[in-house]
1. Once you place label points 7 Å from the Cα toward the Cβ at residue 14 and residue 26, how far apart are they in nm?
2. When a footprinting reagent is the concern and you count Cβ atoms within 10 Å, what order do 22, 32 take, fewest first?
3. Any idea what diffusion coefficient the range 46-103 gets from Stokes-Einstein, in µm²/s, Kirkwood Rh on alpha carbon pairs, 10 °C, 1.306 mPa s?
4. How far apart, in nanometres, would the label points at residue 54 and residue 69 be if each is projected 7 angstrom from Cα along the Cα-to-Cβ direction?
Amino acid sequence: MVHIPLKAVHTGLNSFEVFISHQKSALENLLHLIENYPDFPGKLVYWARVVQKIPILRFMLTSASFRQFCLKKLRTNPKQIRYLDLWKLGSFVQILNGDLTSGREQSEH
C-alpha cells in the first residue's frame, strides 16, 4: 500500500447566511428525493408528515416569526442545534405545501 500525504487547507467556515442557504438547498433536494422515493425513511420526512396533519402545529412551525426566532437563537448560540432542527422542520413543511422555495423566500435574518 502506498501512502500519499495530502494536506488539508482550512479556509474558514461559511457565514451564517451561506450555511442557512445550504440548508434550504438541502431541504429542496430532500423534496425531490421523496417525490421519487415516497417511502424514504428520513426522520425529517416523518416528522414533517406528522406536523402536516396537526393544523395548529403546522401553523406555528411554518410561521415566519417562529422560524426567525429559531434562526436568532441559533445565531446567538450555535450549540443550540434544536433550533436548527425546528427551523428545518418548519421550512420543510412549507416546502411540502409549496409555500417556500430557495432563493425566492424573504430574508429570514
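1. With each label placed 7 Å out from Cα toward Cβ, I get 0.9 nm.
2. Taking fewest neighbouring Cβ atoms as first place, the list is 32, 22.
3. So the translational diffusion coefficient is about 139 µm²/s.
4. 1.5
Each reported figure results from applying straightforward, stated rules to the coordinates on display, with no laboratory input. These figures come from a predicted structure and were not determined experimentally. Note that we place each Cβ from the backbone using ideal geometry, even for glycine, and neighbour counts take in every protein chain shown.
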